[in-house]
Amino acid sequence: MSDEKQKVLVVDDSPSDIQFLIENLKNEFTLTVAKSGEKALQMASQEPRPAAILLDVSMPGMNGYETCKALKQNPETSDIEIIFVSAHDTIEEKMRGYEAGGSDYIIKPVQPDELKQKLWVSLKASQERTNYQSDAKSAMDAAMTAIMDAGELGAVISFLRSSFSVTRLEQLAQLVVECCSSMSLSSSVQIHAPREIVNFCSSGAMPALEAELLSRLRSDVRIHQMGKRLILNYGYVSQIIRNLPDDEEKAGRMRDHLAIILEGANDKCRALILQTEIQKLLTESNESMARIHSTQSALKQRSMDIIDELMDKFQRSFISYGLSEEQETILVSVVKEAVDASLELFEQGLQVDDEMQLILQRIRDTVKLNADANLQH
C-alpha cells in the first residue's frame, strides 16, 4: 500500500460517536463524515473515493443495510470495503450485514484497538483481492475455456481425480474453490480440522464476516440458501457459493455437482486427518519405546551391578561360616541359577521391545505405502 493515508468515510448520525471515531482514527487515516445514508451515497462517489466506510446500522431515513446495498449496486462504489458499526450482536443482524455486502461487523461500544485492526485487515484484504483478480484473470480465462469443453461433470471428475494427490488441507480447500471457479461459481471454503481451521476464497482473502458465518452455520442444516447465496456443510468442509444461477434447472444441477464435490472433499479431509493422527501416534510411540528401552537397559545394568556385589559379599562371607568347599560350590550354584533366570527375564523383555519395534515399522511402511499410492494417482 502507498505511504499516503487511506481515506475512510464515517457514516453516523450521532455527534458523540463521530467525535469518538475521529479522535481514534485521525492519526492513521484521512477522514470524511456523512450524517445520513443519502449523504454517504453522494460522498462515496466523489473522487478520491474512500477505501473503506464505517457505517452505522441504525440511522433515521436510509439505514445502514439499505445504504450498503445501494453502494454495492453502484459499479463506482461496489469495491469499497464496508464495516458495519452496531449495538446488536446477533447472528440475524450479522446475516443482514453479510447479505447487504458488508465485509466486517464491529459491536458497540467500539474498542479503539479492535477498530483500527479491523480497518487495516479490511483494507489489506481489499488490496489482496485486487491483486489476486488482476494476476489470475488471464490464467482463469484459459482454465475455464479448457474445462467448459468437457462440461460441468468433467470438472467434478477432474476434482475427484486431482484430490487423490492432495497432501495438505490448504491444497484441498484451494482445489474445491478452483473447481467451482471453473464452473463460473464464486465461492469460499472453510475446513474445520481437529487442530486447525483452513479458509480459502476465490477472490483472495476471505472477509472476516464471511468466515464467522461459515463457522457459526457449520452445525446448522446441510444446505442453506439465501437468494443467490448457497451454504453447504459436509462434515469437516463448509462452502458458500455467492452467485448461484437464476435459472432453477441450472441451479439444481449445480447443487448436485457441489454435493458430490464436497462429499469427496470431506472423505479426503477425513483421510488426511487420520494420516496426520497416525503419524503423530507413531512419533509418540517411538519416543515412548526409546524411553522404555533406555530405562530397561539402565535397570539391567543396575541389576547386574547389584548381583555382582551380592556374589562378592556372598563368597567373602563363606570364611566366617566354616563351610566346606563342596558346600560353598552348592550355594554358589544355587545363587547363580537364580541370577541367570533373572537375566533371562530381562532378555525376554528386550525381545518384546524388538517385536514392538517391528510392529511400529510395519505401521510406518503401511502409512508410507498409502501416501505413495495417493501421489501416483
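Quick notes
- Residues within segment 4-45 that are touching a residue at least 60 places away in the same chain (Cβ under 8 Å) and either assigned to a helix (DSSP H, G or I) or at positive phi (or both), tallied: 5
- Looking at Gly204, Gly252, Gly227, just one residue is farther than 29 Å from Ser134 by Cβ and out of contact with any Pro (no Cβ under 8 Å at 6 or more places or on another chain), and that residue is Gly252.
- Residue ID - nearest to Ser16 (Cα to Cα), chosen from residues in segment 46-97 that are part of a helix (DSSP H, G or I) and more than 31 Å from the chain's Cα centre (by Cα): Gly64
- Strands (runs of 3 or more DSSP E) enclosed by segment 155-238 - at least 2 residues per element that are under 24 Å from Lys124 (Cβ atoms) and of a type in the set (Phe, Trp, Tyr): none
- Restricting segment 219-253 to residues that are without any contact (Cβ under 8 Å) to a residue 40 or more places away in the chain and crowded, with 18+ Cβ neighbours inside 10 Å leaves a set whose member that is farthest from Asp79 (Cα to Cα) is Tyr234.
- Candidates Leu217, Leu230 - the one that is touching a strand residue (DSSP E or B) at 6+ places or on another chain (Cβ under 7 Å) and at pLDDT 90 or above: Leu230
- Filter result (in a helix (DSSP H, G or I) and within 17 Å of Val57 (Cα to Cα)) within segment 98-117: Tyr98, Glu99, Ala100, Leu115
- Breaking point among (1) surrounded by fewer than 17 Cβ atoms within 10 Å (Cβ to Cβ); (2) modelled with pLDDT of 90 or more, for Glu47: (2)
- Asn266 assigned by TED's automatic domain parsing to the domain that holds Thr167 and out of contact with any Pro (no Cβ under 6 Å at 6 or more places or on another chain): yes
- Residue in segment 84-93 that is touching a Cys at 6+ places or on another chain (Cβ under 9 Å) and surrounded by 18 or more Cβ atoms within 10 Å (Cβ to Cβ) present: yes
- Selection status of Glu328, part of a helix (DSSP H, G or I), in contact (Cβ under 8 Å) with a residue 12 or more places away in the chain and not assigned by TED's automatic domain parsing to the domain that holds His192: yes
- Candidates Ala40, Ala70, Ala52, filtered to the one that is out of contact with any strand residue (DSSP E or B) (no Cβ under 7 Å at 6 or more places or on another chain) and surrounded by 15 or more Cβ atoms within 10 Å (Cβ to Cβ): Ala70
The values are calculated or read from the model by the stated rules, or taken from the named source; none is laboratory data. Bear in mind that the values here come from a model prediction, so they are computed numbers and not experimental data. Backbone-built Cβ (ideal geometry, glycine too); neighbour counts: all protein chains shown.
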